[in-house]
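Before any comments, here is the structure.
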Amino acid sequence: MTYTELEKEHKELKEAVSKLFSEFLDVVEESDSGREFHPIFISCCRALKLEPLNNLLKKLKEKST
């Protein structure tokens, strides 16, 4: 893979991750009662994986901006 191809792949990946957050995970809606909530979220039923997952999502969000 050439440097230009790698740059293109990197840009596409960065845009995809940015879109994951901006169009899905960061969306906030308001219920009929006025409470704000995130209708789309990633969940995990493994307690030991919650912190690493949150850290990974935070890092992905930072790197995509």
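Read the figures in this text as sums done on the coordinates, not as results from a lab. Since we're looking at a predicted model, the values are computed, not measured. Backbone-built Cβ (ideal geometry, glycine too); neighbour counts: all protein chains shown.
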*Label corresponding to semi-axes √(5λ) of the Cα gyration tensor in Å when calculated from the structure given, among (1) 26, 16, 11; (2) 29, 17, 8; (3) 58, 9, 6*: (2)
_Loop-located chymotrypsin sites (Phe, Trp or Tyr not before Pro) in the stretch 5-64 whose Cβ has at most 15 other Cβ within 10 Å (DSSP)_ = 41
*asked:* Taking the 0 to 90 degree range and rounding to the nearest ten, how far is the long axis of helix 47-63 tilted relative to the main principal axis of the chain, both from C-alpha atoms?
replied: 60 degrees
*Considering only lysines 8 or more places apart in sequence, or on different chains, count the pairs in the stretch 3-63 whose C-alpha atoms sit under 22 Å apart.*
21
*Between helix 3-20 and the chain: long-axis angle, C-alpha atoms, 0 to 90°, nearest 10*: 10 degrees
*asked:* Within the chain, which is the longest segment that contains none of the trypsin sites (Lys or Arg not before Pro) sitting in a DSSP loop with at most 10 other Cβ atoms within 10 Å?
replied: 1-34
